[in-house]
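A.B. asks: Got a structure here, written out as structure tokens. Questions coming.
Every read-out reported here was derived from the displayed coordinates using simple, explicitly stated rules and does not represent laboratory data. Keep in mind that what you see is a predicted model, and the values were worked out from it rather than measured. Please note: Cβ atoms are built from the backbone with ideal geometry, for glycine as well, and neighbour counts cover all protein chains shown.
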Amino acid sequence: MRQPQLLMTFDDCTVDHWFAHRGVFVDTDARVTFFVSHADRITDDETDKLRALQREGHTIASHGLRHLDGPAYVARHGLAAYLANEIEPSISALAARGLGHRDFAYPYGRHDRATDDALTARFSWVRTTSARHLDGRATHVRVDLDSPTRVLPSRGIDVGRRGVANPDDWAALLAVLDESARTGTGVCLYAHDIAEWDQGLAEGRNFITPDRLRAVLTAAQERGLTADGFEVLPD
């Protein structure tokens with residue numbers, strides 16, 4: 001049985017908050033992946049912070065240039081336009097700043113066979129999203145990282161979204177980690193901003209609190225899961 005593995009990921013571009021709370025990753029011996037959108041608009045200071053996170057062992061990868069819904073854009077403008085206007089410029093913008101890896105996360109998790117085929121030809125791994133089940137279906141998000149698939153499901157763990165608290169699904173999340181540990185499989189989780197409770201709700205963010213993030217990473221560590229960035233996955 002292989003070593004069970006947690007792939008913890010963050011989406012969008014709240015670089016200052018990711019950087020401010022990076023001590024959580026140090027304390028839990030975790031490496032994570034930041035999927036960055038709007039890379040052409042990040043400031044020099046944000047670039048420096050992302051480079052520092054990259055030097056500390058975290059993965060920086062693409063979340064699209066303008067955070068577009070891939071299948072919807074393709075339906076309106078065609079696959080070639082999607083690749084030319086959303087995907088390639090995102091890769092280039094990250095590379096121009098000394099950032100980026102060969103992985104991608106779909107904005108909103110939306111994808112189809114056409115986008116999967118096109119993007120797995122350009123990226124080693126692409127990440128989608130999955131329903132946040134509270135029952136036995138919660139463990140379906142686990143993946144065999146040795147299988148041929150390069151399209152990974154992921155489970156959201158934000159505690160709040162757009163100013164509203166999410167249901168507390170801690171028990172379901174622990175069940176996912178337990179099953180990953182028992183079966184030697186991988187599990188991918190995703191969040192967005194890292195912010196304190198009052199700040200995250202007041203500002204209408206999709207966010208996880210530092211304390212909840214620490215609890216998730218600690219629970220994975222206690223169960224023998226290694227917390228790795230996407231860059232450890234095979235090409």
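A.B. asks: Please go through region 130-185 and pick out each residue that is farther than 18 Å from L217 by Cα, more than 18 Å from the chain's Cα centre (by Cα) and of a type in the set (D, E, K, R).
C.D. replies: Hits for region 130-185 are D135, R137, D146, R162.
A.B. asks: Separate question: Residues in region 206-223 that are assigned to a helix (DSSP H, G or I) and either closer than 14 Å to V32 by Cβ or not small (G, A, S) (or both): how many?
C.D. replies: Counting residues in region 206-223 that are assigned to a helix (DSSP H, G or I) and either closer than 14 Å to V32 by Cβ or not small (G, A, S) (or both) gives 11.
A.B. asks: Can you give me the number of residues within region 68-96 that are under 17 Å from T33 (Cα atoms) and in contact with a helix residue (DSSP H, G or I) (Cβ under 8 Å, 6 or more places away or on another chain)?
C.D. replies: The number of residues fulfilling the criteria is 2.
A.B. asks: When D112 is evaluated against the numbered criteria (1) exposed (fewer than 14 other Cβ atoms within 10 Å of the Cβ); (2) within 30 Å of R55 (Cβ to Cβ), which criterion, by number, is the only one it fails?
C.D. replies: (2)
A.B. asks: Continuing with the same structure: Check region 110-125 and report whether any residue there is touching a residue at least 60 places away in the same chain (Cβ under 8 Å) and among the β-branched types (V, I, T).
C.D. replies: No, that holds for no residue.
A.B. asks: Could you grab the pairs with beta carbons closer than 6 Å, sequence gap of 6+ or different chains, first residue in region 204-215 and in contact (Cβ under 8 Å) with a residue 40 or more places away in the chain, second one among the aromatic types (F, W, Y)?
C.D. replies: Hits for this filter: T209/W197.
A.B. asks: Then there is this: For the structure I just gave you, tell me whether A195 is within 20 Å of A138 (Cα to Cα) and of a type in the set (A, V, I, L, M).
C.D. replies: In short, no.
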